[in-house]
1. Pairs please, first residue from the stretch A:79-101 and more than 8 Å from chain B (Cβ to nearest Cβ), second anywhere and open to solvent by 20 Å² or more (accessible area, probe 1.4 Å), Cβ atoms under 7 Å, 6+ apart in sequence or on different chains.
2. Taking A:ASN113, is it touching a residue at least 24 places away in the same chain (Cβ under 8 Å), in contact with a helix residue (DSSP H, G or I) (Cβ under 9 Å, 6 or more places away or on another chain) and within 10 Å of chain B (Cβ to nearest Cβ)?
3. How many residues does the stretch A:404-426 hold that are more than 13 Å from A:ILE449 (Cβ to Cβ) and either touching an Asp or Glu at 6+ places or on another chain (Cβ under 8 Å) or free of Cβ contacts under 8 Å to residues at least 40 places away in the same chain (or both)?
4. So B:ASN88 passes all but one of these: (1) in contact with a Pro (Cβ under 8 Å, 6 or more places away or on another chain); (2) surrounded by fewer than 22 Cβ atoms within 10 Å (Cβ to Cβ). Which condition number does it fail?
5. Which of the following residues is away from every other protein chain (no Cβ under 12 Å) and modelled with pLDDT of 85 or more: A:ASP516, A:ASP492?
6. Quick one: would you say A:VAL549 is within 12 Å of another protein chain (Cβ to nearest Cβ) and among the β-branched types (Val, Ile, Thr)?
Amino acid sequence: MQRGRRMKGAGQKPRNFGQTIKRILSYMGKYRIQLVFVVVCIIVSAGAGVAGNYFLKPIINDYIVPYVGRENPDLSGFISLLITLAAIYLAGVLSTFIYSRLMVNISTGVLKNVRTDLFNRLQDLPVKYHDKHTHGELMSRFTNDTDAMREMISQSIPNLISSLITIVGVFVMMLILSPLLTLMIVVMLIIMMFAVRFIGSRSGKLFVRQQEQLGVVNGYIEEMTEGQKVVKVFCHEERSKERFDEINGELFKAASGAHTFANILMPIMGNLGYLNYALTAAVGGVLAINGLGGLDLGTLGSFLTYSRNFTMPITQISQQMNNILMALAGAERVFDLIDQQPEIDEGYVCLVNARRGAGGEIEESRKRTGLWAWKHPHSDGTVTYTELKGDIRFEDVTFGYEENKTVLQNISLYAKPGQKIALVGSTGAGKTTITNLVNRFYDVPDGKIRYDGININKIKKPDLRRSIAMVLQDTHLFTGTVMENIRYGKLDASDEECVAAARLANADSFIRHLPDGYNTLLTADGANLSQGQRQLLNIARAAVADPPVLVLDEATSSIDTRTEAMIEKGMDKLMQGRTVFVIAHRLSTVRNSDAIMVMEHGQIIERGNHDALIALKGKYYQLYTGMFELS
Amino acid sequence: MIKKLASCVGEYKKYAVGAPVSVTFEVILEILLPLLMARIIDVGIANSDMSYVLKIGGLMVVMVLFSMLFGALSGRFAAVAGAGFAKNLRRKLFYKLQDFSFANIDKFSTASMITRMTTDVNFVQMAFMMIIRLLVRAPIMLVSATFMTFTINSRLALIFLVAVPFLAIGLGLMASKAFPRFMSMLKKYDGLNAFIQENLIAIRVVKSFVRGDYEKQRFEASAADLQRAQKRAEKLLVLANPLMQFSMYACMIAVSWFGGRLIIGGHLEAGEFFSFIGYIGQILTSLMMISMSFVMITMSRASAARIVEVIDEIPDISDENADRGLKVADGSVVFDNVGFSYSKDKGNLTLSDISLKIDSGETVGIIGGTGVGKSSLVQLIPRLYDATVGRVLVAGHDVREYDTDELRNNVAMVLQKNVLFSGTIMENLKWGNENADDEQIVAACKAACAHDFIESFPDGYQTDLGQGGVNLSGGQKQRLCIARALLKNPKIIILDDSTSAVDTHTDSQIRSAFKESFGNTTAIIIAQRIASVMDADKIVVMNDGRIDAVGTHEQLLASNDIYREVYESQQKGAM
């Protein structure tokens, strides 16, 4: 996967120029007025450079040559000409400054908005999308692709405009100065264009090969580095060195080829420029001697300067075009992500604070009461309130992540408020899928799953999820303090509430032993805590959210049994009074469930409480006793 | 640091020398051009000497062609030297990594190691190419062009004595001010990316706690922060262009004014005047290039330092003093009063006072909570780490006496965090024994209870695993890893919690199949489940870096509190 991503990064041509450019322009729309200034300033800046050179002609012809050898020459005309020139140049310098400065504003601003849109869309995309794309792939939208866009907006485009203007300007000036010499320049120009295209296309192809090869080498390095300990255990060092030398050698070949073309572009173009210069000098000299083409000293001098200024922008254009193509391909990938269909939420039943009316009926309350209710507006305009209890029912649910590949078949189950339901079975039996459906990470057809009797597809997703807390096997914590991580469960929780939740989860004592207690900063996914401690924080986080339904998905499977015993106390307290779904492969943790569902190949093959299942002497019995069969 | 890196140029030295040499020729030819042009104007045109114009013109063309040749050569040389340098650098790092012991590997995180071998090497390669070309070209150009202007007219050339320091100081000030701002911007950028990554990994948590909007707000704030930092840094950097233009234009005006007056006074020829104008560009752009290269080189310094850090790391396990002829005779293991610390600090031991004797062919279980030192203990046997105190003996010899390959080929270990590599199942299995035939492979897979599930795949043993074995479940991966280790046909096999993701039934199947086919192999099994070790010849209970007790299941159940506690927690209320 890594390899694929890297290869995609370079050399891919954008599919739809127009559309992508339009999108970029729409991001720039906010800076419309500044952009107008930018374009004007670029024109002035490039124009000043072109115009300035022209002044050499009058300087030589009108103010120097006529006065050569004279005592007390009249320099007043010369001075005023130079002042005019200075003014033009000053305008050029100022324009350069202004447009560069404005482009900083624009490019950083556009980039921030693109990043924000990207991130926001990522947040809104369904879990399904995240499952299908690697983190590396999504991250490269934020890094490689946006970087390329920034380059393009802040440098390539201004550069391109400026170069184009310079070329046109220089060309016009040359025509004015000497059409004859210009003709020669045109021939040179064609040669140059040809050289640029030749070298450019070669180097482009070789660079793509280099990128591919680099991807292979990087992929190998990644894989071997990650598996380095295994390499050592199997004494595979020499073999991996051999293979590395092979692909590293290939990379060298590709890289030296690619860089050769990139490196010779500048000297060749530069020297073609000098060739231009030399030819102009020689031919111009001949013309001047013979008085042909109206060429005088000033004209020749001015022309010579132009002929040298001609190469730079041509090289620039070819380089910037490459950058722009690459950036557009990146931008296209970025917009493609932004255009992905976000998670749809057509729910209209929402969770509200409630209180009991005089007659015991439930009514909406504006204050936080601790009592929650589902507010269910009906098509006839009436609204009903149902108390939030945590009753969950599956009615004949069949589901597959992909079409034609069912993961769950005809699942029916119910969990009454306060019950503990265990899901048992081997990997891939569909246990986690069930929990993914409850909180609508994935959707099932209408009416199949009901929460407190309400079709969950009618419930607003945020409200549905708020009523279910999850503790997963992978303990994801965020960079921040311990307190902040616990508060993640309920953002407006006070410090006291968080500490109380930590106490409930049996996490309080270890937190107090951390160097800064609750203010200890957790880094890189909580790496400075043990697995067990991280899981305790996860439990505390769920506790502070205080939902009626709790899902524990293999919450203790990566923890040793002694630590588990410690966590279990916290979990037991957390589970009290809630509807709980427990997924575990350690059967001892599910014994006391109200109902145990044994799953196999997406079906519930046995159900009942522990005693009933043991008495059944079926799969559960086998699994359970298998643990002790050797004694 | 530079010396160490330079040694990596190796066989590409002639290219690395060729590049600056060709560049020097290229520059000298380039520098002479404006001078010759001046001759055309001042001698040829002034005297209406056609043949002189053509002669000099022809000379110029020839010189340009040579200059082009040298330029292209230098480009080629620099490309080969740069790519070769990078190749050698990567190889040196990779080889070094192969020679690292576990302790060395632990020191560098995987991610940082990868960055060093990829991004950092690229940076250094770019800097290297820049040094052997641009950084040679620009100063020579600067000096010789300035020199030329002085030979033409020393009074007029004084302009450059003002302009060059002005631009140099300006660019220098700008760069030195911008650099820290850039660094702080990059840090913010990394921070933002880390934030995104964290979010992607934990997307289910974010969604199940309905924290999308909260995360968006936090992102928006960091993104705005980054934007500010970016503005602050780039604001300074964009000064370079106008500053350059300003210097260039000021020179033009100054040369026009002073030069014009010199021509009028008869002290300067018109052609020389034009060549002066030509040199302005050469001098100032080379200055600009120098400053640019300095920025690039400074930026790559950090990369170079990171690379050298790896090169300088001394592999702390070496078998230089090993007895090459010594073979591992049997599967007995003795820990002789062993103490161990990851930091080699005798005052802060992870393991202490470990004395344990394991006979050849025995099955030994190790039980204990996380972090009590179980993995540390067994890693000393194949000498993945060296004991800090005491000795570890295999077949009666200190492990340090063996050639490490000999030792590790006889002590197979299935690591807790095990890894499969991209390729087919067969290719992965062959890591254990390259020459294993199908029969041996099937036998090992059957012993590890992997044969059946492998056969259930459409491609069987030829199934492609993808990077890191992503197409397998955790339990399947573990079983493959066990089979891979069994294929070594080792005298000792160590399973470090290697069946944690395998269900209890399969777990017991593996153990009985293993007993059957590999009965003579010493087996050391670390496990969480008592069931995995209860039938072992002896069980070692570890606590807090020490051996708490050794005995059989029955003995320990009767006498050891920790063991009993774990046992009871695992069958709470059962039966």
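The values are calculated or read from the model by the stated rules, or taken from the named source; none is laboratory data. What you are looking at is a predicted structure, and each value in this text was computed from that prediction instead of being measured. FYI the Cβ positions are ideal-geometry reconstructions off the backbone, even for glycines, and counts take in every protein chain you see. The accessibility values were calculated without ligands, DNA or RNA, using every heavy atom of the protein model including side chains. Shrake-Rupley method; radii C 1.70, N 1.55, O 1.52, S 1.80 Å.
1. A:LEU81/A:PHE55; A:LEU81/A:PRO58; A:LEU81/A:TYR63; A:ILE88/A:ALA51; A:ALA91/A:VAL44; A:SER95/A:VAL44; A:ILE98/A:PHE37
2. Working: touching a residue at least 24 places away in the same chain (Cβ under 8 Å): yes; in contact with a helix residue (DSSP H, G or I) (Cβ under 9 Å, 6 or more places away or on another chain): yes; within 10 Å of chain B (Cβ to nearest Cβ): yes.
When the stated conditions are applied, A:ASN113 passes them.
3. Within the stretch A:404-426, the first condition is being more than 13 Å from A:ILE449 (Cβ to Cβ), and the residues that meet it are A:404-407, A:409-410, A:416-426.
Filter again for either touching an Asp or Glu at 6+ places or on another chain (Cβ under 8 Å) or free of Cβ contacts under 8 Å to residues at least 40 places away in the same chain (or both), leaving A:404-405, A:410, A:416-417, A:419-421, A:425-426.
Matching residues across the stretch A:404-426 total 10.
4. (1)
5. Details: A:ASP492 fails: away from every other protein chain (no Cβ under 12 Å).
Being away from every other protein chain (no Cβ under 12 Å) and modelled with pLDDT of 85 or more holds for just one of A:ASP516, A:ASP492, which is A:ASP516.
6. Values: within 12 Å of another protein chain (Cβ to nearest Cβ): yes; among the β-branched types (Val, Ile, Thr): yes.
Answer is yes for this residue.
Condition check ((1) under 30 Å from B:MET129 (Cα atoms); (2) open to solvent by 20 Å² or more (accessible area, probe 1.4 Å); (3) modelled with pLDDT under 85; (4) at the interface with chain B (Cβ under 9 Å from one of its Cβ atoms)) across all residues:
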site: A:ILE264; (1), (2), (3), (4): yes, yes, no, yes
site: A:GLY291; (1), (2), (3), (4): no, yes, yes, no
site: A:ASP296; (1), (2), (3), (4): no, yes, yes, no
site: A:THR299; (1), (2), (3), (4): no, no, no, no
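Table: residues versus (1) of a type in the set (Val, Ile, Thr); (2) surrounded by fewer than 20 Cβ atoms within 10 Å (Cβ to Cβ); (3) free of Cβ contacts under 8 Å to residues at least 24 places away in the same chain; (4) more than 30 Å from B:ARG116 (Cβ to Cβ).
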residue: B:LEU284; (1), (2), (3), (4): no, no, no, yes
residue: B:LEU287; (1), (2), (3), (4): no, no, no, yes
residue: B:ALA305; (1), (2), (3), (4): no, yes, no, no
residue: B:VAL308; (1), (2), (3), (4): yes, yes, no, no
residue: B:PHE335; (1), (2), (3), (4): no, no, no, yes
residue: B:ASN348; (1), (2), (3), (4): no, yes, yes, no
residue: B:ASP353; (1), (2), (3), (4): no, yes, no, yes
